[in-house]
Amino acid sequence: MIQLHRTDSNHKDFIALVKQLDADLAKRDGEDHAFYAQFNKIDMIKYVVIAYENEKAVSCGAIKEYEAATVEVKRMYTLPANRGMGIAGRVLKELENWAAELNYSRCILETGIRQPEAIALYHKSGYCSIPNYGQYAEVTDSRCFEKMLDPS
């Protein structure tokens with residue numbers, strides 16, 4: 001039974017999952033990791049969702065305001081043993097619901113070409129490819145996506 005919990009970036013389980021995410025990304029990104037890491041600080045993120053299975057934190061994600069009507073999805077991660085079970089999709093949907101409750105109308109995100117599972121999740125969840133934005137505009141290994149949200 002998966003339970004979703006809304007919290008913020010100070011939650012110890014979120015911090016622990018993000019450490020595992022960063023270790024995974026360091027392997028995948030290689031020498032490019034330091035560039036991406038600068039955009040993935042978790043201090044002061046107000047909106048975090050953690051998924052629990054039998055009281056163990058197994059997945060997480062976050063949103064933060066990007067501009068007036070837009071939030072950016074950040075720090076999506078699921079433990080390797082819990083992948084392929086739809087948990088990340090549930091976390092993402094809960095983040096979208098929360099964003100809509102907060103009167104945001106659009107989610108955007110960036111992921112890397114070395115994360116094919118993430119790209120598949122976003123396509124499956126209704127996200128469309130967009131031109132790379134902001135700090136990712138000239139980064140050839142980045143892929144950016146957006147999804148318009150239904151008003152709550």
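Brief remarks follow.
- Odd one out for G84, checked against (1) within 16 Å of Q115 (Cβ to Cβ); (2) crowded, with 21+ Cβ neighbours inside 10 Å: (2)
- Given (1) at pLDDT 95 or above; (2) more than 19 Å from S59 (Cβ to Cβ); (3) not acidic (D, E), index of the condition A137 fails: (1)
- E146, sole failed condition from (1) more than 23 Å from N54 (Cβ to Cβ); (2) at pLDDT below 95; (3) not hydrophobic (A, V, I, L, M, F, W, C): (2)
- Residues of the stretch 83-95 include none that is part of a strand (DSSP E or B) and either modelled with pLDDT of 95 or more or touching a strand residue (DSSP E or B) at 6+ places or on another chain (Cβ under 6 Å) (or both).
- The single condition from (1) out of contact with any Cys (no Cβ under 6 Å at 6 or more places or on another chain); (2) farther than 21 Å from A23 by Cβ; (3) not in a loop (DSSP other than H, G, I, E, B) that K147 fails is (1).
The values are calculated or read from the model by the stated rules, or taken from the named source; none is laboratory data. A quick note: this is a predicted structure, and the numbers were derived from the prediction, not measured. Heads up, the Cβs are rebuilt from the backbone with ideal geometry, glycines too, and the neighbour counts pull from every protein chain shown.
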